[in-house]
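Report on one structure; see the data block that follows.
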Amino acid sequence: MKNLVKLFLIVIAIMMATDKLFSQEFGIKAGFNSSNMHVVYDGSIVSEDFYMRTGFHIGATVEFPLTEMFSLETGLLISTKGVISKDRFTVEDIGLIHEDKFNINPLYLDIPITAKASFDTGGGTKIYGVFGPYVGIGLSGKIKQEVSINGATTSEEIDIEWGSDIESNFKRMDFGLIMGAGVELNSIQIGLNYSLGLANISPQTNVKVNNRVLGISVGYKFGEKKKTSQ
């Protein structure tokens, strides 16, 4: 984690330095994630009863203005993903109530590359839409299992194993599409984004797992906005 913090400080310093030289807009943003996983096992969807998992995202962004209306935006974002699953069954004859709960909590470094269209509504306010791909890299994470039998609960927590072999939990690389919209109030951004994972992150040949993340974020842009000549 210390090395990750150092990497972010270096990236932010580089972005701030280049922002003074070129027509770029540097910013930071953070917010809440509500994540899920789409899981298909042997051709059947098994994730319909999964529960959304609450998390966060935080990071640095850079916007490259192309015209008054259009720009390209990228950055580095630390983002939680994952899902919560619960299973419960009873055996009435012997009075048994068995409950299983899995909390899957992976942490990713996401790199979005989105096209952005902004519309000036006056008074320093703009509305915008974004669309484009992202690449995600699995960094760390936990899987916690809780087993409850007639109210007596035991739990176990393991680190996520990243890799492509069958002994691993998930593949490290993720990719997909981001779509979203929001409003800019001078230097402040408030946005809503949805990330549709297209990569199968399961190392098992009979299982397909895709990330799904809904995010709400607040961002801040530094420096004056530079108009692009047309």
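The values are calculated or read from the model by the stated rules, or taken from the named source; none is laboratory data. No experiment lies behind these values; they were computed from the predicted model shown. Every residue, glycine as well, gets a Cβ built from its backbone with ideal geometry; the counts of neighbours run over all protein chains shown. Note: accessible area is taken over every heavy atom of the protein model, side chains too, but ligands, DNA and RNA are not part of it. Shrake-Rupley method; radii C 1.70, N 1.55, O 1.52, S 1.80 Å.
What number of residues in region 89-104 are at pLDDT below 95, part of a strand (DSSP E or B) and either over 19 Å from Asn211 (Cβ atoms) or aliphatic (A, V, I, L, M) (or both)?
Number of matching residues: 9.
Confirm whether Tyr51 is open to solvent by 70 Å² or more (accessible area, probe 1.4 Å) and within 19 Å of the chain's Cα centre (by Cα).
Spelling it out, Tyr51 is indeed open to solvent by 70 Å² or more (accessible area, probe 1.4 Å) and within 19 Å of the chain's Cα centre (by Cα).
Yes/no matrix, rows are residues, columns are (1) closer than 27 Å to Ala60 by Cα; (2) at pLDDT below 95; (3) surrounded by fewer than 18 Cβ atoms within 10 Å (Cβ to Cβ):
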| residue | (1), (2), (3) |
| --- | --- |
| Pro106 | yes, no, no |
| Asp110 | yes, no, no |
| Thr121 | yes, yes, yes |
| Lys142 | yes, no, yes |
| Val147 | no, yes, yes |
| Asn150 | no, yes, yes |
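For Phe70, work out the one condition from (1) modelled with pLDDT of 70 or more; (2) hydrophobic (A, V, I, L, M, F, W, C); (3) surrounded by 15 or more Cβ atoms within 10 Å (Cβ to Cβ) it doesn't fulfil.
Only one criterion is unmet by Phe70, namely (3).
Mind checking whether some residue in region 118-125 is touching a residue at least 24 places away in the same chain (Cβ under 8 Å) and either of a type in the set (A, V, I, L, M) or within 20 Å of Asn36 (Cβ to Cβ) (or both)?
No.
Kindly provide the set of residues from region 73-88 that are surrounded by 15 or more Cβ atoms within 10 Å (Cβ to Cβ) and either over 10 Å from the mean Cα position of the chain (by Cα) or in a strand (DSSP E or B) (or both), ordered by number.
Narrowing region 73-88 to residues surrounded by 15 or more Cβ atoms within 10 Å (Cβ to Cβ): 73-85.
Once the filter is applied, which keeps residues that are surrounded by 15 or more Cβ atoms within 10 Å (Cβ to Cβ) and either over 10 Å from the mean Cα position of the chain (by Cα) or in a strand (DSSP E or B) (or both), region 73-88 yields Glu73, Thr74, Gly75, Leu76, Leu77, Ile78, Ser79, Thr80, Val83, Ile84, Ser85.
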